[in-house]
Amino acid sequence: MNGAPGAIPTRGFSQYTLIMERNLKEVFREAAQLPERDRATLAGLLIETLDPVSEPDVEAAWSEEIKRRLAEIDAGTVELIPWEEVRAELFGQPNES
């Protein structure tokens with residue numbers, strides 16, 4: 001072992017780091033080839049893994065918000081905007097319709 005007790009061995013760590021970097025690059029390249037909808041789904045799933053502890057009050061509040069929004073859509077009281085228009089506005093791209 002190198003260094004102080006409990007220190008991470010630098011040789012093993014650097015090999016691990018290189019393997020992880022290569023694997024992450026490979027995963028990214030593969031994910032980048034997915035259709036846009038699949039990439040968005042994958043991104044959402046990955047984000048969910050960052051905060052695995054959910055708070056019941058927050059989950060309940062989101063559930064109620066989703067029900068409220070669906071009811072508004074079903075009642076026709078809100079205007080739906082196609083994703084293409086939202087994306088164009090967000091990223092400054094002209095609307096192609």
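Throughout, read-outs are computed from the coordinates displayed, never taken from laboratory work. Please read these numbers as outputs of a predicted model, since none were measured by experiment. Cβ placement follows ideal geometry from the backbone for every residue including glycine, while neighbour counts extend to all protein chains displayed.
Of note:
- Modelled label positions at D74 and A31, each set 7 Å beyond Cα in the direction of Cβ, lie 3.5 nm from each other.
- Projecting label points 7 angstrom from Cα along Cα→Cβ for V58 and R22 puts them 3.7 nm apart.
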